[in-house]
Amino acid sequence: MEGSEEERRELQQLLMQLEIYSAQIEGLRQQNDLINSSIVELLTTAQTLEEISVLDDGSEVLTPIGAGSYVYAKLADTKNVVFGLGANVAMEKSISEAKDSIETRIGELQAAQEEIQKKVADLVEKIEKIRPRAALLAEKFQSELR
């Protein structure tokens, strides 16, 4: 049973779609990894703010300066922080306000993760729909080569 030219084109199209869908899934997984990193960073920041909030002004702390190195520093103000808003803009906020902002950001990132998971599920469903036909056509043309 010989495969027609039309079936060859269909197989090529299906294989291209499978490749595109797989690449999209990989891109979405990379986005999800970045979001996970952001969430971890925000959770660490929230924990640090919690620890600072119980200290007194003038308390000595170790402050990271990069490459696993730290300096001793004294906290001038344990009630307020300079909080990054994005786009290189920052403002002073109380620790409580900063923690609320962090919780909001985490919620937004988790919502983005849910959207990514839905998109991945949709793409997997599309792959599962076309994979059997692609496998059938590929087997048909494979048997011709034998």
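Only the coordinates and a few stated rules stand behind these numbers; no lab work does. On a predicted model such as this, the values are computed, not experimentally measured, just so you know. Don't worry about glycine lacking a Cβ; one is built from the backbone with ideal geometry, like all the others, and counts go over all protein chains shown.
Here are the numbers for this structure:
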read-out	value
Pairs with Cβ under 7 Å, 6+ apart, first in the stretch 118-146 and without any contact (Cβ under 8 Å) to a residue 12 or more places away in the chain and closer than 10 Å to LEU14 by Cα, second surrounded by 13 or more Cβ atoms within 10 Å (Cβ to Cβ) and of a type outside the set (D, E, K, R)	none
Among residues of the stretch 1-42, those that are within 17 Å of GLU144 (Cα to Cα) and small (Gly, Ala, Ser), counted	2
Selection within the stretch 40-60 - surrounded by 15 or more Cβ atoms within 10 Å (Cβ to Cβ) and either aromatic (Phe, Trp, Tyr) or within 12 Å of GLU103 (Cα to Cα) (or both)	LEU42, THR45, ALA46
Residue identified as under 17 Å from GLU108 (Cα atoms) and of a type in the set (Asp, Glu) among GLU41, GLU51	GLU41
Scan of the stretch 11-35 for residues that are in contact (Cβ under 8 Å) with a residue 60 or more places away in the chain, under 18 Å from PRO132 (Cβ atoms) and among the hydrophobic types (A, V, I, L, M, F, W, C), ordered by number	LEU11, LEU14, LEU15, LEU18
Criterion (within 19 Å of SER37 (Cβ to Cβ), assigned to a helix (DSSP H, G or I) and acidic (Asp, Glu)) met by exactly one of GLU125, GLU139, GLU115	GLU115
Matching residues, the stretch 82-110, being part of a strand (DSSP E or B), farther than 18 Å from SER38 by Cβ and not acidic (Asp, Glu)	VAL82, MET91, LYS93, SER94
Residues that are of a type in the set (A, V, I, L, M) and loosely packed, with under 15 Cβ neighbours inside 10 Å, drawn from the stretch 113-126	ALA121, VAL124
